[in-house]
């Protein structure tokens, strides 16, 4: 990766750690605030719903902003939210911090994705998307295990404080390194949401929601799941989350290259086939430390191969910042549903039923994809005075 795209990925790392770190500190939050594990899981729901609602709204409200300014404000907002979470001493205050952080994430991810695709030639679009999402995968590989370690040793608040500092550092570098990107031409609110009238776009948004729900309903509760399948806890779980993160890095890179080489739709069918097999067999494969490591790595690789081809298909259908904002909204709406429905499955059937639930949803995603056809994409806006790096 080059300097500018690497910086966009660093920002994604900050907001990605904000989103996912809660999975690794659920037991610590539950114990310290005196709430149930399922209630702690709803911190994911609060964050995700805020992003789901905020992404398209903020894309509209900030539609005339210079893109670099939008990225800066987004990172500063995420830093403020993490600071609130670090200082929160009650469950409602922690939820408030999560919501503020989510608004920063809602603005950052689609803007950074569009910026990255503008820095690369059209034939490398999916790889440009993968660059931004590499920050999210590195957040899984490093941010979540570090947050888990901090939660188990000095307290989960230090995890949020660290993310706030990282967000501030990236914001300070971003404003000096990135070129200005002029905002797109002014359009009405009706025109902005016209892309949602395209049945194919709506189908792909549904694909994103169900795909995220399928994997996150399991990942959010991965700590109690590993305890149930193999009796694992503590530092061993932190190490396994690191393995999952490494698999995410590999899968994200492979997904981008596969989509550029074979086309996004064939790439997605291959990804989903592997995903269904891996998630359905988790209760059988994750019964030892070695088995869990292999299973989590391969499951993660298939999971994180999903995003680049989906976003590439969306840009084929409607090359605009709003469609990426809608997809970001869909990602986090899927996370919100995962926190709720995953909790329902845990409370009614048990944590071991989550992989079956997730694999059934993935099969439904395959059915949706069979109805989608794409068309060639139009070019996207270029940064002012910038060249591909």
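The values are calculated or read from the model by the stated rules, or taken from the named source; none is laboratory data. These figures come from a predicted structure and were not determined experimentally. With ideal geometry, Cβ positions are generated from the backbone for all residues, glycine too; neighbour counts draw on all protein chains shown.
Restricted to segment 279-289, and to residues there that are assigned to a helix (DSSP H, G or I) and within 24 Å of residue 138 (Cβ to Cβ), the residue that is farthest from the chain's Cα centre (by Cα) is 289. Of all residues in segment 134-147, those being at pLDDT 75 or above and buried (at least 24 other Cβ atoms within 10 Å of the Cβ) number 7. In segment 113-128, the residue that is nearest to residue 174 (Cα to Cα) out of those that are modelled with pLDDT under 75 and in a helix (DSSP H, G or I) is 119. Candidates are the residues of segment 335-360 that are within 16 Å of the chain's Cα centre (by Cα) and buried (at least 24 other Cβ atoms within 10 Å of the Cβ); the one that is modelled with the highest pLDDT is 338. Assess whether residue 227 counts as being assigned to a helix (DSSP H, G or I) and without any contact (Cβ under 8 Å) to a residue 24 or more places away in the chain. Criteria met by residue 227. Remark: pairs (first residue in segment 98-120, without any contact (Cβ under 8 Å) to a residue 12 or more places away in the chain and at positive phi; second residue surrounded by 24 or more Cβ atoms within 10 Å (Cβ to Cβ) and assigned to a helix (DSSP H, G or I); Cβ separation under 6 Å; 6+ apart in sequence or on different chains) are absent.
Among the residues of segment 15-38, are any closer than 16 Å to residue 173 by Cβ and modelled with pLDDT of 85 or more? There is at least one residue in segment 15-38 that is closer than 16 Å to residue 173 by Cβ and modelled with pLDDT of 85 or more.
Does residue 190 satisfy the condition of being in a loop (DSSP other than H, G, I, E, B), at pLDDT below 85 and more than 17 Å from residue 315 (Cβ to Cβ)?
Values: in a loop (DSSP other than H, G, I, E, B): no; at pLDDT below 85: yes; more than 17 Å from residue 315 (Cβ to Cβ): yes.
Taking the combined requirement at face value, the residue does not satisfy it.
Of (1) more than 19 Å from residue 28 (Cα to Cα); (2) at pLDDT below 85; (3) in a helix (DSSP H, G or I); (4) over 22 Å from the mean Cα position of the chain (by Cα), residue 152 satisfies all except one. Which? Here residue 152 clears every test but (1). Evaluated against (1) within 22 Å of residue 129 (Cβ to Cβ); (2) in a helix (DSSP H, G or I); (3) at pLDDT below 90, residue 366 falls short on exactly one condition, (3).
Among the residues of segment 262-281, not a single one is crowded, with 24+ Cβ neighbours inside 10 Å, farther than 18 Å from residue 361 by Cα and without any contact (Cβ under 8 Å) to a residue 24 or more places away in the chain.
Here is the figure for segment 315-360: residues that are in a helix (DSSP H, G or I) and either more than 24 Å from residue 40 (Cα to Cα) or free of Cβ contacts under 8 Å to residues at least 40 places away in the same chain (or both) total 15. Filtering segment 211-226 to residues that are more than 19 Å from the chain's Cα centre (by Cα) and modelled with pLDDT of 90 or more leaves 225, 226.
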